[in-house]
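The values are calculated or read from the model by the stated rules, or taken from the named source; none is laboratory data. What you see is a predicted model, and the numbers here were worked out from it, not measured in a lab. Here the Cβ positions follow ideal geometry from the backbone for every residue, glycine too, while neighbour counts run over all protein chains shown. Accessible surface areas use protein heavy atoms only, side chains included; no ligands, DNA or RNA. Shrake-Rupley method; radii C 1.70, N 1.55, O 1.52, S 1.80 Å.
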Amino acid sequence: AGCRAIHDIPRNLSDDQLRAVASRDGVLGVMLIPFSVGDPATLDRVVDHVDHAAHVMGDGGVALGGDFTHQLNRALAGGRPDPLLPPGLLGETVEGLSGPQEYGALVDALRGRGWDGERLDGLLRGNLLRVLRRALPT
């Protein structure tokens, strides 16, 4: 999801919901698709969501959700619409972030906002791994 304070849609989480997730040592996986990012759907807007979530939840509560599976779903469906997604979502991407191959640009944008070291490592992998290690069987 994203942060409702940045882009007010029902799919995004309110600050109260973000705090509830953080209180259970969970993470918000920030979706990297225009539907949840908002207008304009740019890298800077993605970082707005990341920064806001970290402010509300703490740095350990934020991860990248990606959600690029809509590209695969579209390919597998032969271009037919996915009934679970809002109309017009398939094929749309954040400006400068068309898929995981452009994560380098996202990392650069995050660094430009002060994300570095352990803080950046947590966002990119550590926070999600912490939750997965706790939740999944060994």
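A compact table of results
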quantity	calculated
Accessible-area value, R4, 1.4 Å probe, nucleic acids and ligands omitted, Å²	80
Summed side-chain charge close to D44 - residues other than D44 whose Cβ falls under 15 Å, Lys, Arg +1, Asp, Glu -1	-3
Rounded Å value of the spacing that divides the Cα centres of the stretch 102-116 and the stretch 11-33	21
Order by protection proxy (mean Cβ within 10 Å, highest first), peptides 127-133, 43-49	43-49, 127-133
